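Undergrad: Sharing a structure with you now.
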Amino acid sequence: MKFAVMTFMYRGHIDRGEISHEGLVQLLAESGAQGIEAFDRDFLAKPELVPVYRRALADTGLAMPVVDVMVNLVYTSAVERRQRLDDLRRGLDLCAGFGSEVAHVAGSKLAEGVSPADGRAMMAELLAEVAGEAQARGLVLGIEDFDPSPELVCRAADCLEIMRASGGVVKMVFDTGNFQAVSEKADEELPLGYDRICHCHFKDFTPDASARGYRGAVFGQGMIPNREVAAELKRRGYEGWVALESYLQPGCGPRETIPGEIATLRGMFA
């Protein structure tokens, strides 16, 4: 098993000067992580970060196995379709530059006048169109059960629909927490999608009184069946990457969050 940490939630700490990019990568290495999972938009907005991270990864021995390519694959015109493909290809180029294994394509949402079924068909269509280019770069294309778009691509069955419609060229990034948005449980859905999993996200939620009904929790202290999922992955012989996705608690930053939570995640697979 190989362990990575998602880092998008630490942007504010970096912007405020509380930790540097290099310091964050060093913290991950010291905490027992072997890889980092970042958003492509951070590097596309600031290309000067690419060499910074390449040096930091080389210095610590960490990898960038997964990059989150944030592109809305639902479109309403030929112009939008072309723009989506251009954005997708830019993300794939970035993944290849870091030697990544998985391009996790996330960020799709429905547009006015597009049904969920049509949106899923568009996602499958565009991913299939770039599949050859991804393969040539040594990349696997992945989608996740994505809770910001629960009606589009969050149910396990909806994810499977996209993967099948793509001709099997798209795999699954299995997120343990996001199924909560559609009242599904990760441990119950794992058998349905296991053979298609290319990467996993581990996170935790706890109930609250909001309209959503839950909020982010300290990893390992919430209601998501992460231990059950870890046990089943281990039983089935999964040897890929798993990434910690943290929900920062008041007064906590990367130094207060990462060491304890990565230890909890590793402990689930011990």
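The values are calculated or read from the model by the stated rules, or taken from the named source; none is laboratory data. A quick note: this is a predicted structure, and the numbers were derived from the prediction, not measured. Glycine also receives a Cβ, built like all others from the backbone with ideal geometry; neighbour counts cover every protein chain displayed. Side chains included, ligands, DNA and RNA excluded: accessible areas come from the protein's heavy atoms. Shrake-Rupley method; radii C 1.70, N 1.55, O 1.52, S 1.80 Å.
Undergrad: What is the number of the single condition among (1) surrounded by fewer than 23 Cβ atoms within 10 Å (Cβ to Cβ); (2) at pLDDT 95 or above; (3) not in a loop (DSSP other than H, G, I, E, B) that Gly168 does not meet?
TA: (3)
Undergrad: A further question on this structure: Go through segment 64-86 and report how many residues are among the charged types (D, E, K, R) and either within 17 Å of Val170 (Cβ to Cβ) or surrounded by 21 or more Cβ atoms within 10 Å (Cβ to Cβ) (or both).
TA: The first filter runs over segment 64-86 and keeps only residues among the charged types (D, E, K, R), leaving 68, 80-82, 84, 86.
Cutting the leftovers down to either within 17 Å of Val170 (Cβ to Cβ) or surrounded by 21 or more Cβ atoms within 10 Å (Cβ to Cβ) (or both) gives us 68, 84.
Selection size over segment 64-86: 2.
Undergrad: Give the residues of segment 200-250 that are in a helix (DSSP H, G or I) and either within 23 Å of Asp68 (Cα to Cα) or at pLDDT below 95 (or both), sorted by residue number.
TA: Asn226, Val229, Ala230, Leu233
Residues checked against (1) within 18 Å of Gln26 (Cα to Cα); (2) open to solvent by 50 Å² or more (accessible area, probe 1.4 Å):
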| position | (1), (2) |
| --- | --- |
| Ala211 | no, yes |
| Ala217 | no, no |
| Glu239 | no, yes |
| Glu245 | yes, no |
| Arg255 | yes, yes |
| Gly260 | yes, no |
| Met268 | no, no |
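Undergrad: Considering only segment 98-118, state which residues are on the phi < 0 side of the Ramachandran plot and open to solvent by 40 Å² or more (accessible area, probe 1.4 Å).
TA: Listed by number, the residues that qualify are Glu101, Lys109, Leu110, Glu112, Ser115, Pro116, Ala117, Asp118.
Yes/no matrix, rows are residues, columns are (1) closer than 15 Å to Phe269 by Cα; (2) in contact (Cβ under 8 Å) with a residue 12 or more places away in the chain; (3) touching a Leu at 6+ places or on another chain (Cβ under 9 Å):
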{"position": "Tyr194", "(1), (2), (3)": "no, yes, yes"}
{"position": "Ile197", "(1), (2), (3)": "no, yes, yes"}
{"position": "Thr206", "(1), (2), (3)": "no, yes, no"}
{"position": "Pro250", "(1), (2), (3)": "no, no, no"}
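Undergrad: Residues to consider are Cys159, Cys154; find the one that is within 24 Å of Pro207 (Cβ to Cβ) and buried (at least 17 other Cβ atoms within 10 Å of the Cβ).
TA: The conditions single out Cys154.
Undergrad: Of the conditions (1) open to solvent by less than 30 Å² (accessible area, probe 1.4 Å); (2) in contact with an Asp or Glu (Cβ under 8 Å, 6 or more places away or on another chain), Arg90 satisfies every one except a single condition; which number is it?
TA: The number of the failed condition is (1).
Undergrad: Quick check on Leu57: is it surrounded by fewer than 21 Cβ atoms within 10 Å (Cβ to Cβ), in contact with a strand residue (DSSP E or B) (Cβ under 8 Å, 6 or more places away or on another chain), of a type in the set (A, V, I, L, M) and not in a strand (DSSP E or B)?
TA: When the stated conditions are applied, Leu57 passes them.
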